[in-house]
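Nothing in this text is a laboratory measurement; each read-out follows from the coordinates by a stated rule. Quick caveat: nothing in here was measured; it's all calculated off a predicted structure. All Cβ positions, glycine included, derive from the backbone under ideal geometry; neighbour counts span all protein chains shown.
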Amino acid sequence: MTGFPNYPGGKVYDGYKIRPWQRQTMDGVPVLRVPLYPSHDNSARGRILNFTSFAASAATIGTAGIGDADVGYVYHPPPTIGLAAMSLKLFRRVPFVYHIADMWPETVMESGMVGPGRTRDLLERAIHAWCNVAYRHAAAITVLSPGFKDMLVARGVPAEKVHVIYNWTDEKAFNPTKPNPEMARELGLAGRFNVVYAGNLGPMQGLETVVRAAALLRDRPEIQIVLAGTGHEEDRLKALKRELGAENVLFLGRRQYWEMAGINALSDVLLVHLRDLPFFAATIPGKTQVALASGRPTLMAVAGDAAALIEQAGAGLGCPPENPEAMAAAIRKLYALPAEDRIRMGRTGADFYQREISLEVGGQRTEALLDSVRWK
């Protein structure tokens, strides 16, 4: 069941004319599309209408028209999707597995979308209460990290009901790849010890810490900090680079998705950093899986579960977030290691990924859980 902004008369989408609550088949999978209010901007009103309209359509039209089902797999966020899940359970007797990719209300509160005050407090309590209702009705819950499980158990969800299944990455794109010397020369990475951050240059990433750490490494000109990506903070980070004289920071700008495996292969270390916010201690950024699957050593500057995963994998080092001195010291330590030790870290991380995180492993665990719920 999926949402689409359908209106009377239909809409052309990828060459197909979609009509309200039309059934389709995509790659052999039957899909029932239901109407929703389309919103992809930063408008709070638009997002609320988007979330609630899909939940209402999926709970009514979806419940009536989805067809026979043995078990449901429900993807959260947004938490409003719990309405459709509970409708299927109540009216169609379909048990469901509730997959939590982001914890609410923590995510929306930490994002700063809602300022402090009475409105925030009321909204937080309301979201908490609604999520707890969905948790009680779920036959099982899957989460992306041990920290998420701990948060749910603290809310009163039975521990045996919550299953940790890590996110995997695009394994066709990200895997151990041989470095391309020509690409290294073109991008300015040849002959340097490259610490690569790839992704959004946004406020939650706290990358001013990375630029300040680079400034502390100016005595080692062979060490280069590479930022591949773009975002709202890009201009401010470039200004900070000029202010600190951190000429060892290289901005690559926006790169094509297909280029990223090659850029990762040219890294000596892949860097992951988030701001030092309590909620992030329970998250595992997607860059973690990319780094492990790519077979590169990782410097994990995210507290909590992400750092613990890298340590468990033996795939690199951790350092406290938003601490330029600690980051610079960790980079020096990685630089001082023999190349064979860094290669070993990367291989160990890739082996760990295949054994514990890969699509095959996650798929098998999810399938087994769905099958166990089906027979309840």
FRET efficiency estimate (nearest 0.05) - Cβ-Cβ, Trp258 to Asp70, R0 45 angstrom: 0.70
Choice from Ser145, Ser39, Ser267 showing the highest fluctuation, given a GNM over the chain with Cα pairs closer than 10 Å: Ser39
Out of Val195, Ile66, Pro38, whose Cα points farthest toward the positive end of the dipole of the chain (charges: +1 Lys, Arg; -1 Asp, Glu; placed on Cβ)? Ile66
Among Ala215, Ala154, Ala58, which one shows the highest mean-square fluctuation when the chain is modelled as a Gaussian network with alpha-carbon springs under 10 Å? Ala154
For Val164 and Asp41, what does the FRET efficiency come to when R0 = 25 Å and r is the distance between their Cβ atoms, rounded to the nearest 0.05? 0.15
Share of Cα-Cα pairs in the stretch 94-193 beyond 24 Å, in percent? 48
Nonlocal Lys pairs with alpha-carbon distance under 30 Å, the chain (8 or more apart, or different chains): 17
Treating only Lys and Arg (+1) and Asp and Glu (-1) as charged, each at its beta carbon, one finds that the stretch 181-356 has a dipole about its Cα centre, in Debye to the nearest 20, of 200
From DSSP H assignment alone, runs of 4+ in the chain each adding -39500 (n - 2.57), the sum over residues rounded to the nearest 500 puts [θ] at 222 nm at -12500 deg cm²/dmol
Take the chain, connect every pair of alpha-carbon atoms lying under 10 Å apart with a spring to form a Gaussian network, then pick out the residue of Leu271, Leu144, Leu216 with the largest mean-square fluctuation. Leu216
Given R₀ = 22 Å, what would the calculated FRET efficiency be for Ala190 paired with Asn323, taking r from the Cβ atoms and rounding to 0.05? 0.15
With Cα atoms, 0 to 90° folded angle of helix 359-374 axis to the chain main axis: 20
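What number do you get for the stretch 181-356 when its Cα radius of gyration is normalised by 2.2 N^0.38 Å, N = residues?
For the stretch 181-356, the normalised Cα radius of gyration comes out at 0.94.
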Approximate spin-label separation Glu182-Asp102, in nm, with each point projected 7 Å along Cα-to-Cβ: 4.1
About the Cα centre of the chain, what is the dipole size in debye to 20, counting +1 per Lys and Arg Cβ and -1 per Asp and Glu Cβ, all else neutral? 920
Can you pull the one-decimal nm distance between simple spin-label points at Thr366 and Arg242, each 7 Å off the Cα toward Cβ? 4.6
As an exercise, take the mean of 1/r over every pair of distinct alpha carbons in the chain, invert it, and state the Kirkwood radius in angstroms. 22.8
